[in-house]
Every structure is written in structure tokens, then in C-alpha cells.
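One structure is given here, and the rest of the page talks about it.
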Amino acid sequence: MPQESAAPYGLTPTADLAGRTLFPHRHLLAISQLKPWEIRFLLDEAEHWVAVNRSSAQKHDGRLAGLTQINAFFENSTRTLLSFEIAGKRLGADVVNMHAATSSVKKGETLIDTAVTLNAMRADVIVIRHGSSGAVQLIADKVDCPVLNAGDGWHEHPTQALLDALTIRRRKGGFEGLIVTICGDVLHSRVARSNMLCLAALGAQVRVAAPATLTPAAVDCMGAVATTDFDAALDGADVVMMLRLQNERMDGAFIPSPREYHMLYGLTPERLAKAKPDALVMHPGPMNRGVEITSGVADDPDRSAITEQVEMGVAVRMACLDVLTRSARNIEGWA
Ligand code: CP
């Protein structure tokens, strides 16, 4: 399978004397903070973990043994929380989950006091999901260890974009010239923001299709072209990424009705025929079946990569945890 190199043209962008590539970030907060080679480096690191997870009955590696990983989730999650937990455990970390619903946040504790509390427990890495854009940056500024953004408000979901990019690269071989159509509630979607930035940085042509009410301003600044015409956006697409209507983030009527939305923006087998014959169907989950996607498409084993995305999530999160804790593990040369 063709693979893009972490070091294009044979050059290692940042390396120590032993030739190891160095990742020059303490935290992973946003795709917007990463250069294209840094994204490719994390994808290459994740490839290793895909192979380990698939090939070995004994998946435990142990390189994070003795380190404490706290997953602090202030919003609900299935895929991201579980895959970060599995990733940490496969690397040997002591993994602790903090759910806001059963924590002292419910008694009125502030975000900063919560961050200071987690820091005092001498966590070695903290993974955070929060409903407010920028909350993860706020916590990163208050603690002494690496912080990974597991989704903050409408802002970014960087590991989701990385796992989506890994899925696409493995299926399509690369990104240069690839047409990726992202359709749905782009306005409220941190997944869409991270994906636009990530895929454009890697060389893909990114189209977003959404009602005007669900299209954010300045999509072009994130490397994408916007349209309200989903059928036109599907023409010649190599990848079709569908997004959920995020009703929990809506404080008004953004669409006339789910039925009408489905008529214009739902992905059906008939509509998918407008894309390339081998177009890949993706969805970050959770899905609203019958609204943005039909089961006939979501469950089509020849076209849908949705469960593969979940699998790649574990590998990407293992890579990110490994890379960001190299300094804590006193691996020489790591910032
Ligand atoms: N894709 C995603 O973030 O899913 P969860 O909300 O289940 O973590």
C-alpha cells in the first residue's frame, strides 16, 4: 500500500543525533497547531500500533508502565473515552477515568480548580473532553503534564481527525488530489473543523455540504469549499464523510424537520451513486440512522469504513499517548 513518508524528500524535519524524529509539542490540543509533517509522523507512528493490535494476541506493550493517565470527560462519549482507556492500558499506563456527572463538578467546582486537583495527583498525561471551546487549552496552561484534547466544544477533536486520516490513507493510499466531501451539521462539529484542517494540510480537496444555517463562516480559512448542494458536492468524491445533527448544541430551529433534512442531506445508496464507484463512506459516530445516513449505506461492507474508523482510533491514541509521554519517560532528546 502506498504510504506518505513522515520525512518527505528524504529529509528528517526535526531529529536528534540518533536520527529519531522529534515531535515538538508538549500537548495535542488542535490540528491547527500541527504542521503537515507532524500529522504524517503521528499517522506513521499509529501504523505500528495497527499492526501490533491486529497481529498479536498479547497486545500489551508496557512502555507507559508506572505512568498515570487521567481521562477527564465533562461530556458523554463511547468511542473516544473507551479507545483512550484501551490505548493507555495496552501501553501499560495506570488509567483512571473521571466522569463529570459523578464528580465534584456537580457540586460547583470550577474547571481551573478541577485542573489543579488533577495536577496535584501527579498525573503523567491528562485526556480531556469538555463542552466549551478552549477549555482544554485552559487546563493545559494549569498542569505540569501533557494534555490531549478529546474534543472541546465546537472547536477541535484532533485525534478524531487523525484516525479519519489514517483510515483514508490506508484505503486510498494518500491524499494528494483526493476529493473528500463532508456533509451535515458542520457548524456545530469539532470533527468537521479538525478534519477540514487535517485533510487540507495533507493535500486533499475538501468540500463541505450543509444547509446555510449549519455552515460556519470562513470555511475557506480551514481549507474547504462550501456548498448547500449535497448532490453537486458528491460528484466525483473519493470519500464521503457524514456528520450527525448535534441537537444538543442547537438552541433554535436550524432545519425545517428531520424528514426534510434527510431528503436534501441524507446519504442513501441512490445518492452515493453520484460519488466515485469506489467512494468510501465514513461517519465519526454516533449515527442518527435514517436522518443523515441510511442503514443500507452505513452497513455496506464494501463501502463503509465506519467500524474501521473505530479500530484506527485505538492505534492513533496509542501513538499520541506514546509520543507525548516520551519526555516523562526520560527518552533523551524529547521536549
Ligand atoms: N466520534 C466520537 O467522538 O464519538 P464519541 O462521542 O462516542 O466519543
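The values are calculated or read from the model by the stated rules, or taken from the named source; none is laboratory data. From a predicted model like this one, the values you see are computed outputs, not experimental measurements. Neighbour counts are summed over all protein chains in view; Cβ atoms, including those assigned to glycine, are modelled from backbone coordinates with ideal geometry.
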Seminar exercise, completed: Restricted to the stretch 30-73 and to residues being surrounded by fewer than 23 Cβ atoms within 10 Å (Cβ to Cβ) and within 16 Å of the ligand (Cβ to nearest atom), the residue farthest from ALA319 (Cα to Cα) is PHE73
Seminar exercise, completed: Of ASP235, ASP220, the only residue that is farther than 20 Å from ASN288 by Cα and touching a Lys or Arg at 6+ places or on another chain (Cβ under 7 Å) is ASP235
Exercise. Taking the stretch 76-125 only, how many residues are assigned to a strand (DSSP E or B), over 17 Å from VAL147 (Cβ atoms) and away from the ligand (no atom under 16 Å from the Cβ)?
Worked result: 1
Seminar exercise, completed: Across (1) in contact (Cβ under 8 Å) with a residue 40 or more places away in the chain; (2) in a helix (DSSP H, G or I); (3) surrounded by fewer than 22 Cβ atoms within 10 Å (Cβ to Cβ), LEU197 clears everything bar (3)
Problem set entry | Output for the stretch 75-114, where each listed residue is without any contact (Cβ under 8 Å) to a residue 60 or more places away in the chain and β-branched (Val, Ile, Thr) | VAL95, VAL96, THR102, VAL105, THR110, ILE112, THR114
For this session: Please identify the pairs in which a residue from the stretch 271-288 that is in contact (Cβ under 8 Å) with a residue 40 or more places away in the chain has its Cβ atom under 8 Å from the Cβ atom of a residue that is surrounded by fewer than 17 Cβ atoms within 10 Å (Cβ to Cβ) and part of a loop (DSSP other than H, G, I, E, B), counting only partners at least 6 apart or on another chain.
Result: LYS274/ASP235; ALA275/ASP235; ALA275/GLY236; LYS276/GLY236; VAL281/ASP300; GLY285/THR78; PRO286/THR78
Exercise. Being at pLDDT 95 or above, among the polar types (S, T, N, Q), within 16 Å of the ligand (Cβ to nearest atom) and buried (at least 19 other Cβ atoms within 10 Å of the Cβ), is that true of even one residue in the stretch 279-299?
Worked result: no
For this session: Report, ordered by the first and then the second residue, all pairs with beta carbons closer than 7 Å, sequence separation of six or more or different chains, a first member in the stretch 47-66 that is farther than 17 Å from THR167 by Cβ, and a second member that is modelled with pLDDT of 95 or more and surrounded by fewer than 17 Cβ atoms within 10 Å (Cβ to Cβ).
Result: HIS60/GLY92; ASP61/GLY92; GLY62/GLY92; ARG63/GLY92; LEU64/GLY92; ALA65/GLY92
Exercise. Taking only pairs six or more apart or across chains, which ones have beta-carbon atoms under 7 Å, a first residue in the stretch 249-270 that is more than 19 Å from ARG289 (Cβ to Cβ), and a second residue that is exposed (fewer than 15 other Cβ atoms within 10 Å of the Cβ)?
Worked result: PHE254/THR213
Problem set entry | the stretch 129-149, residues that are assigned to a loop (DSSP other than H, G, I, E, B) and either surrounded by fewer than 23 Cβ atoms within 10 Å (Cβ to Cβ) or within 16 Å of the ligand (Cβ to nearest atom) (or both) | GLY131, SER132, SER133, GLY134, ASP141, LYS142, VAL143, ASP144, CYS145
Problem set entry | Odd one out for ASP141, checked against (1) touching a residue at least 24 places away in the same chain (Cβ under 8 Å); (2) more than 17 Å from the chain's Cα centre (by Cα) | (1)
